[in-house]
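One structure is given here, and the rest of the page talks about it.
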Amino acid sequence: MRAVRYHDCGEVNVLRVEDCERPEPAHDEVLVEMRAASINPIDAILREQGAPRLPKTTGSDIAGVVAAAGADVDNHEEGDRVFATGLHVGRFGGGSFADFAVVPTDLLAPLPDGVDFEEGAAVALVGVTVWRAMVHHAHLEPGATAFIHGGNGGVGHVAVGFAAALGATPVATARPEYHDAVRGLGAAAVIDYTRDDLTEAAVEATGGADLVLDALPGTYFDTDVAVAGFGGDVSVLAGDEATLSDVPAARSKELDIHMMSMSNLATHPDAPDIGPILDRLGRLVAEDRLEVVIDRTYPLEDAAQAHRAIMEESFLGKIVLTP
């Protein structure tokens, strides 16, 4: 089979499409024939900085058909449509950018009829991220207000639609060329993030947000605290540059700040199960309550282009690969 792998960390030129042996599922795994995979920034970051196990097949999200099941698997069988995420974490040398991938049963869920493989792959990691931020951590409720950075991005566009599906009011940031599209996903207001008065505009639009979702805390952490209302939640995908200079402001508002790491979602014993979250996300997409936007699709052989685009280009939604 083909797999997109790297043996050393570095730029996109370390990626190679290689012929590999088809893996065999362990007793608690299934073998998935890939019909679609999607790229996330973590895939490029691992490729640049080095994965724990090398060589590494890149890719975290997959949607496809079960080709074989392990001896102890009784809830999935050959021919089932499924989607999964978490293949980027350190416990795996394999990833989703391959003709076949082995996936533990706790990381996948049935893909509902009517949901395309491309949609399933695109929503997997970003959807679980949004679910953990909004439901698991912040307990977002109908009528609440959510302020979302980067409403056109992979996480951001799903967050806008998911908040609206929950009955909350999403307010997002985005470049002006994406404003109409982000409003179409459910945003009540969209703010140009390049504005000098971004913080003031966000406070005015939200009235003090019940939840702030931030994938760029190194840039906006203090803004997040200023925009959040009293007793609000700030969920950040914590980066190495994340610093909070105005601790008194966060304390005075009694904010709950959630520092998230999606790289522990398949390894930490206290992390919520991924399968049930994926199952709920799949149903939301199937019921047309959550839209997943696919900006473009590349063939597997052009995985390097996807790696370059995810870090260097601006676009709406997700980038997907197909066999």
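Across region 84-91, not a single residue is classified as part of a strand (DSSP E or B), hydrophobic (A, V, I, L, M, F, W, C), over 22 Å from A286 (Cα atoms) and at pLDDT 95 or above. Only residues that are surrounded by fewer than 20 Cβ atoms within 10 Å (Cβ to Cβ) and either without any contact (Cβ under 8 Å) to a residue 12 or more places away in the chain or assigned to a strand (DSSP E or B) (or both) were counted in region 50-80, giving 5.
Those strands (runs of 3 or more DSSP E) of region 94-153 in which 3 or more residues are assigned by TED's automatic domain parsing to the domain that holds A209 and modelled with pLDDT of 95 or more occupy 145-148.
Against the condition surrounded by 18 or more Cβ atoms within 10 Å (Cβ to Cβ), charged (D, E, K, R) and over 22 Å from the mean Cα position of the chain (by Cα), how does E24 come out, does it pass?
Details: surrounded by 18 or more Cβ atoms within 10 Å (Cβ to Cβ): no; charged (D, E, K, R): yes; over 22 Å from the mean Cα position of the chain (by Cα): yes.
Here the answer is no, as E24 does not meet what is asked.
You will find that of A205, A159, the residue that is assigned to a helix (DSSP H, G or I), free of Cβ contacts under 8 Å to residues at least 60 places away in the same chain and out of contact with any Pro (no Cβ under 9 Å at 6 or more places or on another chain) is A205 and no other. Listed by first and then second residue, the pairs with beta-carbon distance under 9 Å, at least 6 apart or on different chains, first residue in region 127-140 and more than 12 Å from I277 (Cβ to Cβ), second charged (D, E, K, R), are H137/D233; H137/D256; A138/D210; A138/D233; A138/D256; H139/D233; L140/D210; L140/D233.
Test V190 against the criterion of being in contact with a Lys or Arg (Cβ under 7 Å, 6 or more places away or on another chain) and not in a helix (DSSP H, G or I), and give yes or no. Spelling it out, V190 is indeed in contact with a Lys or Arg (Cβ under 7 Å, 6 or more places away or on another chain) and not in a helix (DSSP H, G or I).
The values are calculated or read from the model by the stated rules, or taken from the named source; none is laboratory data. Values in this document were obtained by computation on a predicted structure and should not be read as measured data. Glycine gets a Cβ as well: all are built from the backbone with ideal geometry, and neighbour counts include every protein chain shown.
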